[in-house]
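The values are calculated or read from the model by the stated rules, or taken from the named source; none is laboratory data. For clarity, every value in this text was computed on a predicted model and none was experimentally measured. When we count neighbours, we look across all protein chains shown, and the Cβ atoms used for this are built from the backbone with ideal geometry, even at glycine.
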């Protein structure tokens, strides 16, 4: 059994804004120059990454040429509360792990955002190694990039 990854940050905005930044403005904060399939294949950043709103929506990376690469699918979409999705970047759909993001109000202008990335067993013997890579990757992507985007959003408001 491989333990889930758990990350927790407090951002300086309300839960609905934090959710919106994460789910609706992903391209604005996701580090496409390093954390995309396009960057891994060509060394160039992807054009965008988007989450189609609602249960069943896809998470799509768009290459500079317009090709769509499927990263996962939305399982739970409750604005300001919870976002949960399958995650199979570089993997077939049947080997998808699961990511859940929870948004909880700490105060009117502070939100605790918790990320849990789980179900590593679907990757078989590679689950432990993949978990290690993602554990480090989520520090930059979730804590630094997403957290920083929430801070920037508050400064604009």
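For the stretch 65-80, enumerate the residues that are in a loop (DSSP other than H, G, I, E, B) and in contact with a helix residue (DSSP H, G or I) (Cβ under 7 Å, 6 or more places away or on another chain). Residues satisfying the conditions are 79, 80.
Here is a yes/no grid of residues against (1) over 20 Å from residue 49 (Cβ atoms); (2) at pLDDT 95 or above; (3) in contact with a helix residue (DSSP H, G or I) (Cβ under 7 Å, 6 or more places away or on another chain):
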residue	(1), (2), (3)
109	yes, no, no
114	yes, yes, no
118	yes, yes, no
131	yes, yes, yes
138	no, yes, no
141	no, yes, no
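Suppose the filter is crowded, with 16+ Cβ neighbours inside 10 Å and touching a helix residue (DSSP H, G or I) at 6+ places or on another chain (Cβ under 9 Å); does residue 152 pass it? The answer is no for residue 152. Scanning the stretch 1-53 for residues that are closer than 30 Å to residue 106 by Cα, over 14 Å from the mean Cα position of the chain (by Cα) and assigned to a helix (DSSP H, G or I) yields 15, 16, 17.
Reported count of residues in the stretch 38-54, each being surrounded by fewer than 16 Cβ atoms within 10 Å (Cβ to Cβ) and either under 21 Å from residue 94 (Cα atoms) or out of contact with any helix residue (DSSP H, G or I) (no Cβ under 8 Å at 6 or more places or on another chain) (or both), is 6. In this entry, residue 100 is excluded by the filter for residues that are closer than 24 Å to residue 14 by Cα, exposed (fewer than 15 other Cβ atoms within 10 Å of the Cβ), in contact (Cβ under 8 Å) with a residue 12 or more places away in the chain and under 16 Å from the mean Cα position of the chain (by Cα). Number of residues in the stretch 116-130 that are more than 17 Å from residue 93 (Cβ to Cβ) and not in a strand (DSSP E or B): the value is 3. Considering (1) surrounded by 14 or more Cβ atoms within 10 Å (Cβ to Cβ); (2) free of Cβ contacts under 8 Å to residues at least 60 places away in the same chain; (3) touching a helix residue (DSSP H, G or I) at 6+ places or on another chain (Cβ under 8 Å), the lone condition that residue 57 does not fulfil carries the number (3). Candidates in the stretch 79-97 are the residues that are touching a residue at least 40 places away in the same chain (Cβ under 8 Å) and more than 16 Å from residue 7 (Cβ to Cβ); of these, the one that is surrounded by the fewest Cβ atoms within 10 Å (Cβ to Cβ) is 90. Of all residues in the stretch 61-78, those satisfying the criterion of being in contact (Cβ under 8 Å) with a residue 12 or more places away in the chain and over 20 Å from residue 104 (Cα atoms) are 61, 62, 63, 64, 66, 69, 70, 71, 72, 73. Condition test on residue 63, is it over 26 Å from residue 130 (Cβ atoms) and crowded, with 16+ Cβ neighbours inside 10 Å? No, not satisfied.
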